[in-house]
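Okay, structure first, notes after.
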Amino acid sequence: MAISSAVCNSFKQEILVGTHNFTASSGDTFKIALFTSSASLGAGTTAYSTSNEISNTSGSAYSAGGATLTSVTPALSGSTAVCDFADVSYTSASFTANGALIYNDDQGDKAVAVIAFGGDKTVSSGTFTIQFPTADASNAIIRIA
């Protein structure tokens, strides 16, 4: 099993039929869930599932389903449409995560993108932060060129 970074194939089709709305103030609710190295996530992932999702071993820093993302209304960077989210932090956390899934909580938990961390990332009674890249044509987490 492996986690591979990808914009999900189902998402690519769904944006063309208007399934997802990333508008910051009035759009859908997007979440990010964390997974162990036993998860199998990649371009073929179609929806959020609790299978191999991490569990928080201390306190309440992580809950099943993950954190709600704060969306930034999509914009153009040159001729590329980009989408960005505010960084997410889990404080007083103790867990190990190998990757994450961004999904649309308002549209049947439809998968958007998979993020592979490049190996297990562990936090022990500390802060675990997912830092999103700069929202530009070369780096944004979601880009349509």
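The values are calculated or read from the model by the stated rules, or taken from the named source; none is laboratory data. Just so we're clear, the structure is a prediction, and the values are computed from it rather than from any experiment. Cβ coordinates were reconstructed from backbone atoms using ideal geometry, including for glycine residues, and neighbour counts include every protein chain displayed. Each accessible area value is taken on the protein alone, full model and side chains, heavy atoms only, with ligands, DNA and RNA left out. Shrake-Rupley method; radii C 1.70, N 1.55, O 1.52, S 1.80 Å.
Couple of notes before you dig in:
- The residues listed here are N98, N104; of these, the one that is touching a His at 6+ places or on another chain (Cβ under 6 Å) and touching a residue at least 12 places away in the same chain (Cβ under 8 Å) is N104.
- Annotation: of all residues in region 1-26 being surrounded by 15 or more Cβ atoms within 10 Å (Cβ to Cβ) and in contact with a Ser or Thr (Cβ under 6 Å, 6 or more places away or on another chain), the one that is modelled with the lowest pLDDT is F22.
- Selection from region 74-88 of residues that are among the polar types (S, T, N, Q) and open to solvent by 70 Å² or more (accessible area, probe 1.4 Å): S79
- Criterion applied to A61, A33 was being at pLDDT 95 or above, crowded, with 17+ Cβ neighbours inside 10 Å and either aliphatic (A, V, I, L, M) or part of a loop (DSSP other than H, G, I, E, B) (or both), and the one residue passing it is A33.
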